[in-house]
Amino acid sequence: MSGPSTYNPKSGIEKWLDTRLPLPRLLHDTMNTFPTPKNLNFWYVFGGILTFCLAVQIVTGIVLAMHYKPDAALAFGSVEKIMREVNYGWLIRYVHANGASMFFLAVYIHMFRGLYYGSYKAPRELIWIIGVLIYLLMTATAFFGYVLPWGQMSFWGATVITNFFSAIPLVGTHISTWLWGDFAVGDATLNRFFSLHYLLPFVIAAVVGLHIWALHVPGNNNPLGIDVKSPQDTVPFHPYYTIKDGFYLVLFVIFFSLFVFYAPEFFGNADNAIEANPLVTPPEIVPEWYLLPFYAILRSIPNKLLGVIALGAAILVLAFIPWLDTSRVRSCRFRPTMKWLFWFFVVDCLILGYCGSQPVDAVLAGIPLVLVARFGTAYYFGFFILLMPLVGLFETPKPLPASISQPVLGE
Amino acid sequence: MTAATADDATRRDFLYVASGAMGGVAVAAVAWPLIDQMNPSTAALALSSVEVPLDSIQVGQGITVKWRGQPLFVRRRTPEEIAKARAVDVASLPDPLANNDSLPENAPATDANRTTKPEWLVLKGVCTHLGCTPTISTPTDVQGEYGGWLCHCHGSQYDTAGRIRKGPAPRNLEVPPYAFLSDTRIKVG
Ligand code: HEM
Ligand code: FES
């Protein structure tokens, strides 16, 4: 996509195409000869896996949409029909429902990877920011999708989340009403959410295109976080990384299948097997696991507007990381302090996730979980807003190797 | 010659600005229908009302009925519950306004302003935090510290006049417009 092309059209048809629509050239340069650092480790396989996940969601989603009815009176029944009567409907739905969880699992690993190796630092700021945008679109898509089966958790999850907007002063309630198309979540809401749930994955696909385009300008970062110095530091993408990514993709599909075939409801919520009832809220409203940390942040703040602002800021802050991190060194391998703060941040996200999954008044070993969530929230923001800029200034990084090849060859 | 060029430039500037402005108007004119179509349709706006018979509700009991797609609470309060609600100092409440659709917006949240007849409390069953339906207290199963309602979603607690007392909800439960048709029947909406 950038840099001098090494494509050399051979056959007549390739030459003909190359002067009209150089698609073979594009594919050749991005997926075949693309020079890739030779030290990429396991954590670099998730980009490919994410592309696979998007494709799976689109294919299974289009099939589900052939049987699904976006009508408050019919939606729940149509999903039951998919499960019981449509040929292989159960399989397609379970792949789609668990696929969403697999997608998020992969995206979180992918994001933490970027955080650890400093992949957001110059010249890769835009790759990171486009990534944050993809993540936002994914959460919106998954939220709309979760509403579609029109179970109790669909309905009340939609109610709580659309009510976030009512926290905005003056225009808030108008925005909620505008989103609902009514004075509460109802048929109009379901219908439009279906339309958006169908649309957004294709928007994601387009933005993924930008993500990869931006990646192919500076090329991959790598676990050492140092620049490629010479052609000896790289290998062509094919066959080296196609084989490696393919191998891990197979392992990922096996992992995915274990859920689809042996624990299809593992990520599900029993309340969603009950049809939506606008008069009764289930005893516990819990979002899907991938949103739990943010839910804990929302609940840790006892003020409606501030809670919603904190929730939005928790995602928005990610877009500013390229400028919050002041360190000159990219990879945490060479950052003795940041390394620990990073792992503590990972644990913090897990703790917040756990708090979000528990009832509001839950107590663990005598400590109210709200209190734990408050500390968790403080560390979440403190990590980005205080620690990242300060540690970057005061930490003494370990010496960097001269090149990617040097530590391997031991020169 | 130079004068002519300068003259040309200003005419061009004018044309740029004018067509830019017209283009902006055109975009806004096209965008508005696309935005407004998402607002409630005339069918959704057509106000519906519901009549609720009260004779089957015992003292200390509450019922939930559906009104405009949302829950509506009708509660017949015990004398103790009324006394408790009246004893509260309005200035000490998180939301000191009545939030009663039949009263002016700045009416204070006294118990009298929350009800038409002291015994009957009529409220929209929509938590003012994020819209869950709070759970009602009964004499045998008290919800929260204030004997009114507890919202399980994020822990908002309402008192026996449906006023917010604790938790993230910012406002008192809304009192919808309603009227007594007779001693045993109300019309809401
Ligand atoms: C980014 C990609 C996508 C994600 C993360 C996603 C996520 C979800 C989720 C979480 C559900 C609820 C599953 C359940 O609990 O039953 C769902 C349902 C659904 N999705 Fe998607 N989806 C994606 C793409 C698509 C696409 C492209 C289509 C259609 C072209 C689609 C059509 C549907 C339909 C019809 C349902 C309702 C049936 C059901 O609940 O299983 N999805 N989606
Ligand atoms: S919706 Fe009632 S406390 Fe949040």
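The values are calculated or read from the model by the stated rules, or taken from the named source; none is laboratory data. Nothing here was measured: the structure is a model prediction, and the numbers come from that model. Every residue, glycine as well, gets a Cβ built from its backbone with ideal geometry; the counts of neighbours run over all protein chains shown. Ligands, DNA and RNA are excluded from the accessible area calculation, which covers all protein heavy atoms including side chains. Shrake-Rupley method; radii C 1.70, N 1.55, O 1.52, S 1.80 Å.
Things to note:
- Kirkwood hydrodynamic radius of region A:120-182, from inverse mean 1/r over distinct Cα pairs, in Å: 13.6
- P(r) of chain B over all Cα-Cα pairs, binned every 10 Å from zero, in whole percent: 8, 29, 26, 10, 7, 7, 6, 5, 2, 0
- Proximal charge balance of A:Ala100 [Cβ under 12 Å; K/R count +1, D/E count -1]: 0
- Inter-label distance for B:Phe180 and B:Ala87, nm, one decimal - labels placed 7 Å from Cα along Cα-to-Cβ: 2.6
- Student exercise, region A:234-312 dipole from Lys, Arg, Asp, Glu Cβ charges, in Debye to nearest 20: 320
- Inter-probe distance in nm under a simple model that places probes 7 Å from Cα toward Cβ, at A:Leu17 and B:Ser49: 7.1
- Residue (of A:Tyr94, A:Leu40, A:Val56) at the positive-pole extreme of region A:23-152, dipole from beta-carbon charges: A:Leu40
- Relative contact order computed over region A:57-122 (Cα-Cα under 8 Å; 6+ residues apart), in percent: 30
- Residue-averaged 222 nm ellipticity for the protein assembly as shown, from DSSP H runs of 4+ at -39500 (n - 2.57), nearest 500: -16000 deg cm²/dmol
- Average partner coverage of B:152-163, which counts Cβ from other chains inside 10 Å: 3
- Residues in region A:98-122 reached by a label modelled at A:Val59 [backbone nitrogen below 20 Å; 7 Å Cα→Cβ]: A:98-107
- Nearest-0.05 FRET efficiency for A:Leu316 and A:Lys38, computed from C-beta distance (R0 35 Å): 0.45
- Given charges at beta-carbon only (K, R positive; D, E negative), |dipole| of chain A in Debye: 1040
- Reachable lysines, given that their alpha-carbon falls under 29 Å from the alpha-carbon of B:Lys117 and they are not under 8 places away in the same chain: B:Lys66, B:Lys84, B:Lys166, B:Lys187
- If only the Cβ of Lys and Arg carry +1 and only the Cβ of Asp and Glu carry -1, the dipole of chain B around its Cα centre is close to 360 debye.
- Each of B:Gln58, B:Leu123, B:Ile164 was scored by the projection of its Cα onto the charge dipole of chain B, and the greatest displacement toward the positive side belongs to B:Gln58; charges sit on the C-beta of Lys, Arg, Asp and Glu.
- Beta-bridge orientation, the protein assembly as shown: approximately 95 percent antiparallel, per DSSP, counting only bridges with both partners inside.
- Solvent-accessible surface ranking, highest first, for A:Lys244, A:Lys229 at 1.4 angstrom: A:Lys229, A:Lys244
- Expressed in units of 2.2 N^0.38 Å, where N is the residue count, the Cα radius of gyration of region A:117-241 is 1.49.
- Each principal axis of the Cα atoms in region A:268-372 has its own extent, and those three values, largest first, are 56, 32, 29 angstrom.
- Mean projected area of the convex hull spanned by the Cα atoms of the protein assembly as shown, taken over all viewing directions: 40.1 nm².
- Three-way shape call for region A:69-167 based on the alpha-carbon gyration tensor, with the a/c threshold at 1.5: oblate
- Separation between Cα centres of region A:84-142 and region B:120-189, rounded to whole Å: 40
- Within straight-line cross-link reach of A:Lys38, aspartates and glutamates at Cα separation under 13 Å, skipping those fewer than 8 residues along the same chain: A:Asp227, A:Asp233
- Computed from Cα atoms, the angle from the helix A:89-116 axis to the main principal axis of chain A rounds to 50 degrees.
- Degrees separating the helix B:2-36 axis from the principal Cα axis of chain B, which is the longest one: 30
- Inter-centroid distance (Cα atoms) of region A:1-58 relative to region B:54-100, Å: 66
- In chain A, the longest principal axis of the Cα atoms and the axis of helix A:125-147 are about 30 degrees apart.
- Chain A - percent relative contact order, Cα under 8 Å, separation 6 or more: 22
- Put a dot 7 Å past the Cα of B:Lys117, heading toward its Cβ, do the same for B:Val142, and the two dots end up 2.8 nm apart.
- Averaged over peptide A:268-278, the number of partner chain Cβ atoms lying within 10 Å of each residue's Cβ comes to 1.
- Sequence ranges A:37-44, B:137-144, ranked by mean other-Cβ count within 10 angstrom, highest first: A:37-44, B:137-144
- Neighbour net charge for B:Ala169 - beta-carbon separation under 11 angstrom, K R +1, D E -1: +4
- Ellipsoid semi-axes for region B:25-110, based on the Cα gyration tensor and the rule √(5λ), read 39, 22, 9 Å when sorted largest first.
- Ordering of B:14-25, B:83-94 by packing [mean C-beta count within 10 Å, highest first]: B:83-94, B:14-25
- Taking all protein chains together and a 1.4 Å probe, the residues A:Trp213, A:Trp150, A:Trp90 rank A:Trp213, A:Trp90, A:Trp150 from largest to smallest accessible area.
- Candidate aspartates and glutamates - alpha carbon under 17 Å from A:Lys10, same-chain residues fewer than 8 apart omitted: A:Asp18, A:Asp29
- Alpha carbon centroid spacing (whole Å) that separates region A:292-334 from region A:209-229: 24
- Here region A:1-117 is treated as a sphere whose radius is the Kirkwood value from Cα pairs; by Stokes-Einstein at 25 °C and 0.890 mPa s it diffuses with a coefficient of 136 µm²/s.
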